[in-house]
Amino acid sequence: MTLQPAHQGDTTTIVETLAEEGENVADLIARDAAEAEPGVKLEGIVEVMGDKGYHSGAALVRMKESGVRTYIPEKKQAGKRHWIGKKDEQHAVYANRRRVSGNYGKSLLRKRGELIERSFAHCYDTGAMRRTHLRGHENILKRQLIHVGAFNLSLIFRSPIGAGTPRELRNRLTVVVFVLERLINTLRHANRALKALTFTHRVPKLSHHALQLSRCHPSNRRGFATGS
């Protein structure tokens, strides 16, 4: 997570955010480089996606100089843009427009809306992180990291349990009760088997001479007369 000053626009802070995320990806590369299947691309950040608020000719040029491909939709503007003295911005804007209108660019933007925008809506709208009463950049960043960390834990719990929110877990209470009941029954059967095995080892075995004596002297009690 990164936290930028509120008085600066997205077109200004996107380059700084990209630099901070590049450092984070570099740490991931150093950690996963020795693995057979690393979880991050070893070449680093190669593509950047954003909404219309991040679109700017100057920002596109700076990101192009950084060696990344941008997929940022344009804002609707009345009339035509004038590119006199802005040849670099013109090339960057046209290349970005061509990538966004392609099938691959549209798939990336759909994935961004599914994964990122829903996460933002959950953290900022449902989680009430649009406003904060803390002072200082460091305190606000700590609060944000704790909030987003809890959201990431819900995603992790969703994999084994199948529910990532308390409401969804409540709806799946029947499944949870069934799993707990199966677990208790399995432990109960295992405990009974262990007790039976222990009792079998504790029973002394009769010798052959004792068995012959029990057969020769039957009991006077009613019932079986074998003596066993």
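Placing pseudo-labels 7 Å out from each Cα toward the beta carbon at L42 and S119 gives an inter-label distance of 2.5 nm. Taking the average, over residues, of other Cβ atoms within 10 Å as the packing measure, peptides 88-100, 145-157 rank 88-100, 145-157 from highest down.
Cross-link reach is defined here as a Cα-Cα straight distance under 22 Å, omitting same-chain residues fewer than 8 places apart; for K80 the lysines meeting it are K52.
Once the Cα-Cα distance is subtracted from the 0.36 nm per residue extended length, the I146 to D10 segment shows a gain of 46.6 nm. Pairs over the 32 Å Cα-Cα cut-off, from the set K76/K142; K41/K142; K76/K111: K76/K142. Highest mean packing comes first when the peptides 28-36, 61-69 are listed by Cβ atoms within 10 Å, giving 61-69, 28-36. Candidate cross-link partners of K195 among the lysines, defined by an alpha-carbon separation under 20 Å and a same-chain spacing of 8 or more, comprise K205.
Classify region 39-90 as rounded, prolate or oblate from the Cα gyration tensor: take a ≥ b ≥ c as the square roots of its eigenvalues, call it rounded if a/c is under 1.5, otherwise prolate when a/b beats b/c and oblate if not. Before the final figure, lay out each step's value.
Working: a/c = 4.31, a/b = 1.80, b/c = 2.39.
It comes out oblate by the Cα gyration axes.
Bear in mind that the values in this text are calculations on the coordinates, not laboratory data. None of the values given here were measured: they were computed from a predicted structure. Cβ coordinates were reconstructed from backbone atoms using ideal geometry, including for glycine residues, and neighbour counts include every protein chain displayed.
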